[in-house]
1. For residues in region 246-279 being among the aliphatic types (A, V, I, L, M) and more than 20 Å from residue 353 (Cβ to Cβ), which is modelled with the highest pLDDT?
2. Might you let me know whether region 319-328 holds any residue that is more than 15 Å from the chain's Cα centre (by Cα), modelled with pLDDT under 95 and not hydroxyl-bearing (Ser, Thr, Tyr)?
3. What residue, among those in region 149-179 that are touching a residue at least 40 places away in the same chain (Cβ under 8 Å) and of a type in the set (D, E, K, R), is nearest to residue 403 (Cα to Cα)?
4. Out of all the residues in region 202-219, which are touching a residue at least 40 places away in the same chain (Cβ under 8 Å), out of contact with any Phe, Trp or Tyr (no Cβ under 7 Å at 6 or more places or on another chain) and not in a loop (DSSP other than H, G, I, E, B)?
5. Any residue that is touching a residue at least 60 places away in the same chain (Cβ under 8 Å), part of a helix (DSSP H, G or I), over 25 Å from residue 316 (Cβ atoms) and of a type outside the set (Ser, Thr, Tyr) - is there at least one of those in region 232-255?
6. Restricting the search to region 104-120, which residues are touching a helix residue (DSSP H, G or I) at 6+ places or on another chain (Cβ under 8 Å) and of a type in the set (A, V, I, L, M)?
Amino acid sequence: MKHQKITNLLTVLLFVIPLALGLILFAALPDKDFSEEENRDLQTFPKLTWKSLSEGKFGQEMNEYFADQFPARDALVELKGLSELALGKGENNGVVLGKDGQLAVRWFDAYVDRLTRVYDTDFYAKESIDAQTSALNKLQAELAEQGLDLTVIIPPRTLDVVGGQTNYPMQSTDALWADIDAGLDDSVSYLDLRKIMQDAHAGGESVYYRTDHHWTTEGAYMAYCALMNEWGKQSEIIPESMFTIETVEGFYGTTWSRAGLKFVGPDSLEIWHFEGEENYTVTDWTMQTGQNEQGSSYIDFVRGDSFSGFYNREYLEQKDKYSAFLDGTHGVLTVKKNTDEQRQTLLVLKDSFFNSMVPFLAQHYDLVVINLSAGGVKPLAYYAEQFGCDGVLIVYNAENIIENNALAGVKYAK
């Protein structure tokens with residue numbers, strides 16, 4: 001009887017002590033604002049308002065807060081990942097594990113409308129996809145009235161390219177792309193890169209990282225070649241032989257951090273250099289709004305910092321090595337060649353996939369680069385008036401198409 005009591009007591013203590021220790025550490029340790037491991041902002045303690053409570057937003061943010069700030073979170077994610085693999089699931093935390101250590105995200109936070117988002121799901125909202133493709137159709141019509149061409153590239157997700165290496169059913173990705181294809185009018189110049197990337201990947205080319213959601217520099221170069229072909233400028237494509245490739249080892253991307261499968265080895269990140277790249281200047285611009293003496297609102301662009309070339313090499317010493325391309329995330333950038341020759345200006349609405357394409361396209365065009373992921377994009381006429389515009393290119397990854405509706409708000413006219 002006494003032995004049984006001791007056993008019961010030890011069982012209770014083994015449960016209570018770690019729980020109590022976790023609670024103490026959770027209360028004592030300061031909150032973190034950013035995770036370098038995952039390269040994302042962490043949820044801090046949310047503000048309680050009647051609106052956030054009634055809409056369910058407060059509860060969702062509290063769940064995210066506990067998940068993001070829990071002590072030893074990274075170690076626990078790794079432990080969970082190993083246990084999931086031991087059970088034969090082949091994935092962890094919404095990331096599937098394929099052959100040769102290939103990782104691919106399959107769970108996304110699907111945007112439904114302004115008040116509704118479905119978290120960690122294979123689901124996507126068709127009404128959100130339709131709203132964005134409809135907006136692109138209207139933008140095409142607006143630009144045509146201005147005598148401007150529109151080209152749209154929606155880079156596929158890693159899962160869309162490497163799905164054959166995993167046990168994930170491709171019917172889900174096929175349905176997404178069918179809705180995108182069906183929503184875009186024939187008048188929209190839309191470049192579908194799935195087949196190109198799938199074939200290259202199946203042939204052994206490294207077009208998407210194993211540990212990150214971006215395409216590699218090789219993948220970005222293939223997208224550049226496909227785009228030049230689409231524009232009928234095959235003869236102007238810069239051949240691979242003109243570049244000197246610098247290889248940076250030890251790149252662990254955000255997919256690797258999310259998966260918690262730490263036994264998966266790092267990627268190599270390539271920077272393709274060409275002679276004269278120092279003759280290009282990247283400038284950051286801040287957009288400001290105000291009112292003039294007559295009470296009319298206006299938008300002004302203020303020049304910020306500039307640097308030569310296309311890379312911030314400081315990032316190569318950090319975990320977030322991909323941000324070396326174009327110095328990471330900015331609201332509005334211009335990329336111009338230091339020359340007296342007349343060059344066309346391309347207005348680009350993009351996410352981070354475009355960053356690694358810049359060194360290729362900049363050899364043909366001056367670029368005005370607008371970050372759609374930053375939010376607050378104004379009608380394109382403002383940018384065209386300030387910087388000039390001979391055409392518009394959109395490069396926006398399918399993951400972002402699912403997770404927000406930024407494209408739905410894009411228009412040309414003020």
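The values are calculated or read from the model by the stated rules, or taken from the named source; none is laboratory data. Model, not experiment: these values are computed from the prediction. Cβ placement follows ideal geometry from the backbone for every residue including glycine, while neighbour counts extend to all protein chains displayed.
1. 264
2. Scanning region 319-328, I find at least one residue that is more than 15 Å from the chain's Cα centre (by Cα), modelled with pLDDT under 95 and not hydroxyl-bearing (Ser, Thr, Tyr), so the answer is yes.
3. 157
4. 218
5. Yes, the conditions are met somewhere in region 232-255.
6. Correct list: 104, 105, 110, 112.
Conditions (1) in a loop (DSSP other than H, G, I, E, B); (2) surrounded by 11 or more Cβ atoms within 10 Å (Cβ to Cβ); (3) of a type outside the set (D, E, K, R); (4) touching a Lys or Arg at 6+ places or on another chain (Cβ under 9 Å), marked per residue:
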{"site": "270", "(1), (2), (3), (4)": "no, yes, no, no"}
{"site": "288", "(1), (2), (3), (4)": "no, no, yes, no"}
{"site": "303", "(1), (2), (3), (4)": "no, no, no, no"}
{"site": "307", "(1), (2), (3), (4)": "no, yes, yes, no"}
{"site": "316", "(1), (2), (3), (4)": "no, yes, yes, no"}
{"site": "319", "(1), (2), (3), (4)": "yes, yes, no, no"}
{"site": "327", "(1), (2), (3), (4)": "yes, yes, no, no"}
{"site": "333", "(1), (2), (3), (4)": "no, yes, yes, no"}
{"site": "347", "(1), (2), (3), (4)": "no, yes, yes, no"}
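Table: residues versus (1) surrounded by 15 or more Cβ atoms within 10 Å (Cβ to Cβ); (2) under 16 Å from residue 186 (Cβ atoms); (3) not assigned by TED's automatic domain parsing to the domain that holds residue 182.
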{"site": "119", "(1), (2), (3)": "no, no, no"}
{"site": "124", "(1), (2), (3)": "yes, no, no"}
{"site": "143", "(1), (2), (3)": "yes, yes, no"}
{"site": "146", "(1), (2), (3)": "no, no, no"}
{"site": "151", "(1), (2), (3)": "yes, yes, no"}
{"site": "160", "(1), (2), (3)": "yes, no, no"}
